[in-house]
Amino acid sequence: MITGSELVFSNVPACQADPFLIAEGRSSGDEGYLVISYPEGCHDLLFLRGREVRIGAHLRREYRFPLQPDAVRERYGQYRSDKGTVLSFYLSPSDSIRRFLSTFYYTSSLNIELAVLGRKQRQELSARAQGEHWLVELDRFPPAGPLPISPSQRVTIEIQEVKKREELASLLSGMTSGRLILYNLERNLEMLRMKTQCAALRPSASPSPSPFPMMANGSWPAAGTITSTCGRSPAISCCAPSRTSKMSSFAARRAACPS
């Protein structure tokens, strides 16, 4: 799924396995992540170090945000019996995990489906990119639907760090499909530093942790300390709303419409 990951198992029906029990039963101390995929096309992730569940996350084609593991557990418990809800497990180097999680706190300078661009337009992307240090992400999401049956139908997220414009041009020239997301690292790191400094200067507020602690010292944050800082509430049922909530939401929208 994420660059550098090693697939351990995939597409196990969620009704036959519990991701938290899988984490507790691990014997090794290496790092990895469990993916709970829902038929609506979204995914909840649990990032592990050994047996410990460190961070949760919600991911879909349009957006992503960090989640407390308990929020992942709640949605899994509600929809584990739904047909098409499946579990996958990957081992991954710590650097790959940190690089992916950093994108939850970055603002992209470019986010576009490559299919809408012609060859000349793709060649011009590197010349227009601001800065001199980037994260380049290429996502491929299969359409929502039945249980994936082949590797080509899995979500793939390729993330590379690039420090030379020539390297960026070469990398982008080989990309023809998927969603390209470009992050200006210099600008984003400066913004994170400024936010951390501003939070520390607030006299009436208790000290706030860095919005992404692992970026400062290379270590993972303590379990349960990550919260969403990107303006989206983890409480929202983003991918699998209940049947009653669909009806109530429709009724609310209809009542709000002028006659």
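None of the figures in this text is laboratory data; all of them are computed from the coordinates on show. Since we're looking at a predicted model, the values are computed, not measured. Glycine gets a Cβ as well: all are built from the backbone with ideal geometry, and neighbour counts include every protein chain shown.
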Requested in this report: Please tell me if residue 27 is surrounded by fewer than 22 Cβ atoms within 10 Å (Cβ to Cβ), among the small types (Gly, Ala, Ser), in contact (Cβ under 8 Å) with a residue 24 or more places away in the chain and not in a strand (DSSP E or B).
Outcome: no
Requested in this report: Could you list all residues from segment 32-72 that are surrounded by fewer than 21 Cβ atoms within 10 Å (Cβ to Cβ) and among the acidic types (Asp, Glu)?
Outcome: 40, 52, 62, 70
Query raised in the report: With respect to the numbered conditions (1) surrounded by 13 or more Cβ atoms within 10 Å (Cβ to Cβ); (2) aliphatic (A, V, I, L, M); (3) touching a residue at least 24 places away in the same chain (Cβ under 8 Å); (4) more than 25 Å from residue 18 (Cα to Cα), which one is the sole condition not fulfilled by residue 117?
Result: (3)
